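Written out below as structure tokens is the structure these notes cover.
Derivation of every value follows stated rules applied to the coordinates shown; laboratory data play no part. Keep in mind that what you see is a predicted model, and the values were worked out from it rather than measured.
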Amino acid sequence: MVDNIYSIKEFAKIIGVHPNTVRNSLKSGRILGFRVGKGKKSTIRIMESEILRMMSYDMQDVVECIVRKRLDAHTPSKEQS
């Protein structure tokens, strides 16, 4: 089986998060990616298998964090009440 390879923007769209969330997860090691090219012109790519890995039990904290942020965004603050 050959994995598809995605840019940060494409990967973020597939999993339904902002590209910065993917960048932060790459920096922290929660999502695995690889560089293509050298120096400042290099780009980061992520394999499709990362989606499956994210869905596994060891990525529950990432999913919970995303869900919590979305719930917080839709919950009115006490100041607005």
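Extension gain V36-E64, at 0.36 nm per residue separation less the Cα-Cα distance, in nm? Kindly include the intermediate steps, with their values, before the conclusion.
Details: separation 28, 0.36 × 28 = 10.08 nm, distance 3.05 nm.
Separation in residues times 0.36 nm, less the Cα-Cα distance, equals 7.0 nm.
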Please list, in order along segment 26-43, the HN-Hα scalar couplings obtained from phi with the Karplus expression 6.51 cos²θ - 1.76 cosθ + 1.60 (θ = phi - 60°), rounded to whole Hz, x for Gly and Pro. 5, 4, 7, x, 6, 10, 9, x, 8, 8, 10, x, 10, x, 5, 8, 6, 10
Quick one: which residues, 5 or more positions from I31 or on another chain, have an amide H under 5 Å from its amide H? H modelled 1.01 Å from N in the peptide plane, none for Pro or chain starts. L26
